[in-house]
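Scroll down for the structure; my scribbles are underneath it.
Every read-out reported here was derived from the displayed coordinates using simple, explicitly stated rules and does not represent laboratory data. Keep in mind it's a predicted model, so treat the numbers as computed, not measured. Cβ: placed from backbone, ideal geometry, glycine included. Neighbour counts: every protein chain shown.
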Amino acid sequence: MDACMGHDTLHGKIRGIPVLSGMLIMAMVLVFVLFAGCAGTVPARPVLTPVPTHALQNHTVSSIDLVFFHPVPGCDSCERVSLLANETVTAYFGPDLAAGKITFRDVNLNDPANRGIADRYGAFTESLFIGVNDETGFRKTEIIDIWYYAYDREGFMQYLKGILDRTLAGTE
């Protein structure tokens with residue numbers, strides 16, 4: 001026994017608990033507490049519910065700009081969202097794309113030349129925006145839920161197609 005209030009520190013024990021084991025237990029408890037919030041479930045995909053027709057205000061849409069913002073290099077999800085957004089516009093809106101009524105732009109946020117468009121949309125990280133020009137002027141909306149579909153090609157295309165269809169009809 002040493003003079004440390006009767007604790008046997010010579011053999012690595014404090015009050016009968018091995019020091020190394022006690023430290024290991026405390027470390028495990030700390031890790032569990034810190035990461036307990038990360039153990040939740042993946043959120044479900046958003047449910048698409050129809051908007052009541054009385055809540056819709058029809059607008060005459062002159063053009064739609066679908067703009068994907070990203071840094072370079074981008075992550076795998078970013079590359080998929082860009083690819084699938086372009087594929088959706090090309091597959092379902094070819095005539096509108098050819099006529100210039102719909103455009104798709106892939107914008108590198110690292111390029112200083114793109115600062116103006118990024119500021120116009122308020123983009124500062126990976127994001128997909130839809131910009132609408134109609135009789136009321138310009139308005140923009142970030143399509144946040146698109147990330148739920150990044151690895152579901154058909155789901156992605158149907159979700160984005162629905163948004164673009166409603167926007168073209170002036171009801172979104």
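Quick check on the exposure proxy: order V72, V61 from fewest to most C-beta atoms within 10 angstrom.
Ranking V72, V61 by Cβ neighbours within 10 Å, fewest first, gives V72, V61.
At a Förster radius of 25 Å, what calculated FRET efficiency corresponds to the Cβ-Cβ distance of L97 and E135, to the nearest 0.05?
Efficiency, from the Cβ-Cβ distance: 0.65.
Rounded if a/c is under 1.5, else prolate if a/b beats b/c, else oblate: with a ≥ b ≥ c from the C-alpha gyration tensor eigenvalues square-rooted, which is region 53-168?
oblate
What does the charge add up to near Y92, with Lys and Arg as +1, Asp and Glu as -1, over the other residues with Cβ less than 12 Å from its Cβ?
-2
If you stretched the chain out fully between T171 and N108, how much longer would it get, using 0.36 nm times the residue separation minus the C-alpha to C-alpha distance?
Result: 19.7 nm gained on full extension.
Rounded to the nearest 0.05, what FRET efficiency is calculated for D119 and L83 with R0 set to 25 Å and r the Cβ-Cβ distance?
Approximately 0.45, to the nearest 0.05.
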